[in-house]
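Note sheet for the following structure.
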Amino acid sequence: MIRRLALLFIAAAVPVALLAANVRLLASAAYLRWEYGRAHFPAAPGFTDGERLAVAVPSTLFILDDAPPEDLAALRHGGAPLYTEPEIAHLVDVQRRVRILVAAGIVGALVVGVALALAALGRTRTAAAAAAAVARGAWSTVALVAAIGIGVGTVWPWLFTAFHEVLFPPGTWQFADDSGLITLFPGVFWYDSAIALAGLTAVEALGLAGLAGWLRRRAAAGA
């Protein structure tokens with residue numbers, strides 16, 4: 001029973017580790033520059049490209065840091081505060097949830113790393129089972145992000161709303177089109193980010209599945 005639970009834990013750690021790593025990757029200045037530079041990305045009324053990037057980067061990095069909300073309150077545009085108090089409160093909520101995700105991702109990455117190391121160094125049934133658990137987790141991740149990709153392509157407005165209703169209190173995440181948050185991060189930004197997250201995670205999971213499968217066969221052959 002304990003062995004079975006351990007193998008399930010290894011498999012479950014795979015999507016958590018990959019998704020957390022890719023959220024961390026996309027919450028970056030480099031991704032913002034790439035996304036803002038795309039031909040289809042809408043202009044921000046009242047902002048030059050440089051002005052928009054100058055406030056979007058610290059807003060994005062805020063969710064990864066232990067920065068206080070006063071850092072967001074200090075952001076200004078056109079002589080006025082960039083964000084209202086409800087917008088700042090929402091970003092603080094996002095920061096808390098991302099912090100939990102990243103912490104879970106670190107634990108997941110450690111679990112997957114130990115399982116792969118065991119599979120690489122061992123020639124036992126336990127080593128083969130650890131590699132098989134990683135492979136199952138990787139294939140499950142592919143299925144998960146494929147479902148996300150289909151959802152993004154077919155029912156995006158519903159998916160976006162459902163995601164926020166699950167994670168955030170009602171009435172705390174919807175803002176006017178001319179608000180600072182929506183101006184900097186319009187719907188197309190989140191649509192593109194969801195596609196990028198699903199695509200990156202799928203590619204990584206396929207690679208991990210191949211590696212884990214090879215290690216499983218090698219460990220099983222030597223057992």
For this session: Could you tell me whether ALA89 is surrounded by 15 or more Cβ atoms within 10 Å (Cβ to Cβ) and out of contact with any helix residue (DSSP H, G or I) (no Cβ under 9 Å at 6 or more places or on another chain)?
Result: yes
Exercise. If you check LEU75, LEU32, LEU18, which single one turns out to be under 19 Å from VAL188 (Cβ atoms), of a type outside the set (Gly, Ala, Ser) and at pLDDT 95 or above?
Worked result: LEU32
Exercise. Do any residues in region 127-138 that are buried (at least 24 other Cβ atoms within 10 Å of the Cβ) have Cβ atoms under 7 Å from those of residues that are at pLDDT 95 or above and not in a helix (DSSP H, G or I), where the two are at least six apart or on different chains, and which pairs are they?
Worked result: none
For this session: Evaluate region 210-217: report whether one residue or more is in a helix (DSSP H, G or I), closer than 30 Å to GLY46 by Cα, among the aliphatic types (A, V, I, L, M) and at pLDDT 95 or above.
Result: no
Exercise. Which of the residues that make up region 154-168 are over 20 Å from the mean Cα position of the chain (by Cα) and surrounded by 11 or more Cβ atoms within 10 Å (Cβ to Cβ)?
Worked result: none
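Within region 7-55, count every residue that is touching a residue at least 60 places away in the same chain (Cβ under 8 Å) and either loosely packed, with under 14 Cβ neighbours inside 10 Å or small (Gly, Ala, Ser) (or both). Don't jump to the end; show me each part of the working.
Taking region 7-55 as the starting set, the residues that turn out to be touching a residue at least 60 places away in the same chain (Cβ under 8 Å) are 7-27, 31, 35, 38, 40-42, 44-47, 52, 55.
Subsequent filtering for residues that are either loosely packed, with under 14 Cβ neighbours inside 10 Å or small (Gly, Ala, Ser) (or both) retains 8, 11-13, 17, 20-21, 25, 27, 38, 40, 42, 44-46.
The qualifying residues number 15.
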For this session: Kindly list, by first and then second residue, each pair from a residue in region 58-82 that is of a type in the set (Gly, Ala, Ser) to a residue that is in a strand (DSSP E or B), limited to pairs with Cβ atoms under 9 Å and residues at least 6 apart or on different chains.
Result: ALA73/PRO81; ALA74/PRO81
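The values are calculated or read from the model by the stated rules, or taken from the named source; none is laboratory data. A quick note: this is a predicted structure, and the numbers were derived from the prediction, not measured. Here the Cβ is made from the backbone with ideal geometry for all residues, glycine too, and neighbour counts use every protein chain on show.
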